[in-house]
1. Got the relative contact order for segment 2-56 handy, in percent, Cα pairs under 8 Å and 6 or more residues apart?
2. Cut-off is 10 Å between beta-carbons; in what order do Ile11, Ile6 appear when sorted fewest neighbours first?
3. Can you give the net charge of the other residues whose Cβ lies under 10 Å from the Cβ of Leu32, counting K and R as +1 and D and E as -1?
4. Lys and Arg at +1, Asp and Glu at -1: add these up for the other residues within a Cβ distance under 15 Å of Ser13 and post the number.
5. Between Gln36 and Glu16, 0.36 nm times their residue separation minus their Cα-Cα distance comes to what?
6. Computed FRET efficiency, Cβ-Cβ of Thr28 and Ala57, R0 22 Å: what is it to the nearest 0.05?
Amino acid sequence: MLHDAIEIRKIASPDENDVRYEVYDSDTGVSLGLYQSMEHAEAERQRMKASDNEVKAGDADDDPSVE
């Protein structure tokens, strides 16, 4: 289920001041994006969840590029 699979993890680099946050799919291990702040990563995760909810409710096309 998408709601449980989309997670955020902190990615640290050798430079302590360069921290990023990765949104990833824990089911597949695929990275969905890197963000400079936890707030941006969380906003993206919430956007993905909302999009999934719309598709499940029939309010949106799950692949709008295909007709």
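Computed from the coordinates by the stated procedures, all read-outs in this text should not be read as laboratory data. Just so it is clear, the model here is predicted, and its values are computed rather than measured. With ideal geometry, Cβ positions are generated from the backbone for all residues, glycine too; neighbour counts draw on all protein chains shown.
1. 30 percent
2. Ile11, Ile6
3. So the environment of Leu32 carries a net charge of -3.
4. Value of the local net charge: -1.
5. That pair, Gln36 and Glu16, stretches by 5.9 nm at full extension.
6. Given R0 = 22 Å and the Cβ-Cβ separation, E is 0.40.
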